[in-house]
């Protein structure tokens, strides 16, 4: 399947500062939450940076809470050494957020076992002041997303602003968050942006590719 069919743009291993810049660029061209689609922009992979920055330092171990009320460190407990899919929602949204969450449930189904148990879906709230762990748990159950390998994260607003900022999703209001998905092989610094309107099977295929060992390893 071609990259154009998947509607994704790949990122290779490079400095975390470059990653931030790329994610911010994508945020500027992402589909607006209100549903207005902007032209798709492909990301050109920059040359590797000469600097080396630890992933934990970049993503930080900012404290967040999952839908069960468990306190987690964002990098060490949520991201480290995992293949992940991240997206942003707010639970009082009545259009895009429920639709995308249900689409991601289809993606998990398309992955099948045992791969579905090896890929962690991470849904972050853009409205942490209203999205308590209990609210997120109820939202997940309503959308059929109450999966043990699917985290719904919230926390103090300052903490969530920091986490979202590191993902290029820092926004002035919950409704303005990007609907783009971020998929990544954290251990090997392989990252992509995926449009949420891509077929569930195509998104699942991208995650399967990220789950495969790198050549020569």
Exercise. Scan the stretch 149-194 for residues that are more than 16 Å from the chain's Cα centre (by Cα), at pLDDT 95 or above and in a loop (DSSP other than H, G, I, E, B) and jot them down.
Key: 155, 156
Practice problem: Give the stretch 101-125 a look and list any residue that's surrounded by fewer than 18 Cβ atoms within 10 Å (Cβ to Cβ), in a helix (DSSP H, G or I) and at pLDDT below 95, or say none. | Solution: 115, 117
Exercise. Give the number of residues within the stretch 126-146 that are buried (at least 18 other Cβ atoms within 10 Å of the Cβ) and part of a loop (DSSP other than H, G, I, E, B).
Key: 6
Quiz item: Can you name the residue in the stretch 82-100 that is closer than 12 Å to residue 179 by Cβ and touching a helix residue (DSSP H, G or I) at 6+ places or on another chain (Cβ under 6 Å) and is also surrounded by the most Cβ atoms within 10 Å (Cβ to Cβ) among such residues?
Solution: 89
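The values are calculated or read from the model by the stated rules, or taken from the named source; none is laboratory data. Just so it is clear, the structure is predicted and the values come from calculations on it, not from any experiment. When we count neighbours, we look across all protein chains shown, and the Cβ atoms used for this are built from the backbone with ideal geometry, even at glycine.
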